[in-house]
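For reference, the structure is listed below as structure tokens.
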Amino acid sequence: MSGFQLHRLGQIMAPESGNPHEIEGVLNPAAVRGPDGGLYLFPRLVAAGNISRIGIARVRFNEAGDPTGVERLGIALEPEADYECVPHGGGGCEDPRITFMERLQRYVMTYTALSPLGPRIAIAVSEDLFHWQRLGLATFEAYRGIDFAHVDNKDASVFPVAIPNHVGKMQMAILHRPLFAGSRPEETACEPESRLVDLDHESIWISYCPVAVDGLEPHQLGLFNSHHRLATPVSPWERLKIGGGTPPVLTRHGWLILYHGVSEVPEPGRDTHHLRYSAGVMVLSKEHPQTILYRSPQPVLTPQSPEELHGTIPNVVFPTGIDRRDDLGQPDRFDVYYGMADSRIGVARLEVPDELPPGVAADPPSAESQTEGSSP
């Protein structure tokens, strides 16, 4: 196990009986401190027909400071824009991440819009967490023949401050994982274990936008026109796919993110396999976040409890929200909020070690010959 210790605190949210917005599940929430210091969750609420909304809930804590439940406060976003709706009545606003951006003095929400073209990254901003202004879909410039604009994309999050791009210019940065053809776990599972990973098409990327840190208003958010490939599947637990998780938060060691990895689980007595979603830790350099300082050799969270093993999609833990417990005077404690089998929401306590333990490489051992010229 890695030096990052994670302890389950239990289930914090489940579908509310009689609530039509939640009949198919509550999952994958954003987590952020509000202007009042309270902690708010923004869960994905799934109604009949897989129509998703983004709710608002305030977290309740016990005397020890552990989260124990939520108070539902309504809906933050529901499918209304043309890029959130599909023909014949479907659509969705899904899997949000929220970060308070210091330069903008606003909260920035990245979420998956189920557009007529497929899932795409959408962005909204708020000053108070209750009133959200849609900015539309994130737009990406192509890079060295890689088309980010016309593929599915999701699991995005932004840094809370400007970070340097590949030439050192301070810009707004977004983590995202484009879903190119052949890179979905259902597709890579059909390939042999010794397969060659497609570095450009199976990676988490950092992309940069100059507009939001140049003194312009948020509604003028522009094109993400600079890109850097960050991380590719390396370890067995993430062999089939890696993707984004929690937004980056600053620790004593650098920028911390929890990300997800997908592997296969054999079914006893049968010649079939199921997918398993686990969570790992990555630490990026504070000064140069393109540099990975640490990466989990093993996951810090794998499906174990009945709520994680059985649900809408079994064998899934999916981290999306993180809260640093400065309110308890414990800056090395982070509460991680995660989806449980695409049905419920759990929370776990992550303890950051005093020193970074040994990790694994950023790229597969065979990557050197492939990476030449693949990123700035």
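The values are calculated or read from the model by the stated rules, or taken from the named source; none is laboratory data. Note that the coordinates shown come from a computational prediction; the quantities given were computed from them, not determined experimentally. Positions of Cβ are generated from backbone atoms using ideal geometry, with glycine treated the same way; all protein chains shown enter the neighbour counts. The area values use the complete protein model at the heavy-atom level, side chains included, leaving out ligands, DNA and RNA. Shrake-Rupley method; radii C 1.70, N 1.55, O 1.52, S 1.80 Å.
Only one of the listed residues (SER126, SER183, SER203) is under 25 Å from TRP255 (Cβ atoms), of a type in the set (Gly, Ala, Ser) and in contact with a Leu (Cβ under 7 Å, 6 or more places away or on another chain). That residue is SER203.
Checked against (1) charged (D, E, K, R); (2) buried (at least 20 other Cβ atoms within 10 Å of the Cβ); (3) not in a strand (DSSP E or B), GLU193 meets all criteria but (2).
Consider the range 41-64. How many of its residues are surrounded by fewer than 15 Cβ atoms within 10 Å (Cβ to Cβ) and touching a residue at least 24 places away in the same chain (Cβ under 8 Å)? Residues that pass the stated criteria total 3. Here the range 73-128 is the region considered, the condition is being in a loop (DSSP other than H, G, I, E, B) and under 24 Å from LEU39 (Cβ atoms), and the residue that is least open to solvent (accessible area, probe 1.4 Å) is LEU104. Among the criteria (1) closer than 24 Å to PHE318 by Cα; (2) open to solvent by 60 Å² or more (accessible area, probe 1.4 Å); (3) in contact with a strand residue (DSSP E or B) (Cβ under 7 Å, 6 or more places away or on another chain), the one GLU186 does not fulfil is (3).
Screening THR302, THR251, THR312, THR246 for residues that are out of contact with any Asp or Glu (no Cβ under 6 Å at 6 or more places or on another chain), within 19 Å of PRO43 (Cα to Cα), in contact (Cβ under 8 Å) with a residue 60 or more places away in the chain and of a type in the set (Val, Ile, Thr) leaves exactly one candidate, THR246.
Residues in the range 164-182 that are part of a loop (DSSP other than H, G, I, E, B), open to solvent by less than 70 Å² (accessible area, probe 1.4 Å) and under 27 Å from LEU135 (Cβ atoms): how many? Matching residues across the range 164-182 total 3. Checking the stated criteria, LEU230 turns out not to satisfy the condition of being open to solvent by 40 Å² or more (accessible area, probe 1.4 Å) and either touching a Pro at 6+ places or on another chain (Cβ under 9 Å) or closer than 26 Å to PRO164 by Cβ (or both). The number of residues in the range 70-123 that are closer than 21 Å to GLY339 by Cβ and of a type in the set (D, E, K, R) comes to 8.
Selection of the range 6-40 for residues being touching a residue at least 24 places away in the same chain (Cβ under 8 Å) and exposed (fewer than 13 other Cβ atoms within 10 Å of the Cβ) yields HIS7, PRO20, PRO35, GLY37. Please verify whether VAL158 is open to solvent by 10 Å² or more (accessible area, probe 1.4 Å), under 19 Å from the mean Cα position of the chain (by Cα), aliphatic (A, V, I, L, M) and at pLDDT 95 or above, treating the condition exactly as stated. When the stated conditions are applied, VAL158 does not pass them.
Matching residues to (1) modelled with pLDDT of 95 or more; (2) of a type in the set (Gly, Ala, Ser):
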{"residue": "ASP323", "(1), (2)": "yes, no"}
{"residue": "ASP342", "(1), (2)": "yes, no"}
{"residue": "GLU355", "(1), (2)": "no, no"}
{"residue": "ALA367", "(1), (2)": "no, yes"}
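I'm trying to understand the selection: among the residues of the range 1-22, which are in contact with a Leu (Cβ under 9 Å, 6 or more places away or on another chain) and of a type in the set (A, V, I, L, M, F, W, C)? Scanning the range 1-22 gives PHE4, LEU6, ILE12, MET13. Taking ALA142, is it over 23 Å from ILE313 (Cα atoms), without any contact (Cβ under 8 Å) to a residue 12 or more places away in the chain and of a type outside the set (Ser, Thr, Tyr)? Judged against the criteria, ALA142 is a match.
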